[in-house]
Amino acid sequence: MAGFDKVVTSYDDALSGLKDNMTVMVGGFGLCGIPEGLIKKMYEMNVQNITCISNNAGVDGFGLGILLERNQIKTMIGSYVGENALFEKQFLNGDMKVILTPQGTLAEKIRAGGAGIPGFYTATGYGTPIADGKEVKEFNGRKYILEESYTSDFSLIRAWKADRYGNLIYRKTAANFNPMMATAGKITVAEVEEIVEPGQLDPNFIHTPGIFVQRVILGNFEKRIEQRTVKK
Amino acid sequence: MGLSREQIAQRIAQEMKDGYYVNLGIGIPTLVANYIPAGMQVMLQSENGILGMGEFPTDELVDPDLINAGKQTVTVVKGAAFFNSADSFAMIRGGHVDLTVLGAFEVDQDGSIASWMVPGKLVKGMGGAMDLVAGARNIVVAMAHSNKGESKILTKCKLPLTGVSCIKKVVTDLAVLEIKDGAFYLLERAPGVSVEEIVSLTEGKLIVASHVPEMKIF
């Protein structure tokens, strides 16, 4: 690599430096927009005691679900989990700690983390079990709770198009948590469907500027569908 | 006889106004999209990143990169927009969505709602529900009035809450209720359902006017 060229050609290089006990953000909503190859590589590396921040936890045998097969996740932080039998088992056994976080609060914790903001007040969750132990503050007669933001050692994200400098464009609803996670990683690795030369993406339409991205790898995606629903 | 799920959706659809941005939750709320009055323009927001969600795709149009918040494959309408999850919840939390429809296990006379956690059952998570109830200016809850004779319209929610004092309107299989000043107001009853039946299946404080009209279900 030279200058701003972020492209790596092997998954070894893509996840070089990923170790046990790290905090890893993984993009996607359900199975939509997940970095499939990077998750598989995490599985092969068998890194352990991972704190994983992702909206969901995959399904049995696909997406983050595969990391459960070797008990790699110590703590799972997400908004909706348990679509997989293995997850349910490890959760109920106490093998894995689960921190359920409202989806919008999760998105904002990551956005704020990437933006250098350590916490924020939100009305979401006030008076509910998730507010337990959190500071409450009143603004204009309404009560808000203090939520602390998240950053990660590695953010593994998926984008549609990248240029060599790491400028990214997402496709449809495959964007979801990926753009915020890109900003919140000490090392952000983007697995993408297409890599072009600098100058070939219109600067007007870049979603994630390359400054947030350390590595880019060309992926090969299955794009499995969780709930294929068609018009009758 | 109370309303079917489709009829509850039909009644809720009457809450729509031309030009509304609407978020529909999973279950009965999703069905509301089928009853948007003709000639009215409504944009559906899906919290995973769509403004202007369309119908389910034909086989040829199925796209794994285009799903709704229930993870089902969908399409978009003309003039739609995609965005990330932070922007999506800026719309929701920031009060930009005109109408939110969601399901619930229980609501109470203070407008609190329980919809995500049943003790003893595996808790899968709240998804976007807590953000939706905290942020929406206008929420309609679609739910069963009772379960096996046990009221779900309560003095105080028994299950862990999704949000506090945030619900103002509830449509059940039996009634349309407005919540204000610490009480349920019976606005309409389902066709053929008596006020007495609604009273007997409502645990929370219920205010009943001398005349309670029937809902208009077509």
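Read-outs: derived from the displayed coordinates by stated rules, not from any lab. Since this is a predicted model, take the numbers as computed values, not measurements. Counting neighbours? That spans all protein chains shown, and the Cβs are built from the backbone with ideal geometry, glycine included.
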Quarter of the surface of the C-alpha convex hull for chain A, i.e. direction-averaged projected area in nm², equals 15.1 nm²
Label model pair A:Lys89, A:Phe139: point-to-point distance (7 angstrom along the Cα→beta-carbon line) in nm is 4.5 nm
Expected integer from the mean partner chain Cβ neighbour count at 10 Å over A:80-91 is 2
Which residues qualify? For B:Asn23, with a placed amide H closer than 5 Å and at least 5 residues away or on another chain, they are B:Gln45, B:Leu99, B:Thr100, B:Val101
Rounded to the nearest 10 degrees, the helix A:103-114 long axis (Cα) sits at an angle to the longest Cα principal axis of chain A of 60 degrees
Connecting every pair of Cα atoms under 10 Å apart in chain A and solving the GNM, the largest mean-square fluctuation among A:Tyr144, A:Tyr11, A:Tyr170 falls on A:Tyr144
Ranking A:Tyr144, A:Asn176, A:Gly219 by how far each Cα lies towards the positive end of the charge dipole of segment A:124-223 (+1 on Lys and Arg Cβ, -1 on Asp and Glu Cβ), the top one is A:Tyr144
Tilt, helix A:36-45 to longest principal axis of chain A (alpha-carbon atoms), in degrees rounded to tens, equals 80 degrees
If every Lys and Arg gets +1 and every Asp and Glu gets -1 at its Cβ, then about the Cα centre chain A yields a dipole, in debye to the nearest 20, of 500 debye
Scaled by the rule-of-thumb 2.2 N^0.38 Å, the alpha carbon Rg for segment A:99-167 gives a ratio of 1.39
Over chain B, the sum of -39500 (n - 2.57) across DSSP H runs of at least four, divided by residue number and rounded to 500 deg cm²/dmol, gives at 222 nm -4000 deg cm²/dmol
Per residue, the convex hull enclosing the Cα atoms of segment A:1-107 spans a volume in Å³ of 107 Å³
Quick calc: nm separation of the 7 Å Cα→Cβ label points for B:Gln41 and A:Asp20 -> 6.0 nm
Toy charge model, Lys and Arg Cβ at +1, Asp and Glu Cβ at -1: segment A:3-131 dipole around Cα centroid in debye, rounded to 20, equals 320 debye
Long-range alpha-carbon pairs in segment B:5-208, meaning those over 27 Å apart, account in percent for 30 percent
If the chain between B:Glu178 and B:Lys156 were fully extended at 0.36 nm per residue, the gain over the current Cα-Cα distance would be 6.3 nm
Taking a crude spin-label model, label points 7 Å out from Cα along the C-beta direction, the B:Lys17 to B:Ser200 distance in nm is 3.9 nm
One can check that the equivalent ellipsoid of the protein assembly as shown, built from the alpha-carbon gyration tensor with semi-axes equal to the square roots of five times its eigenvalues, has lengths in Å, largest first, of 41, 23, 19
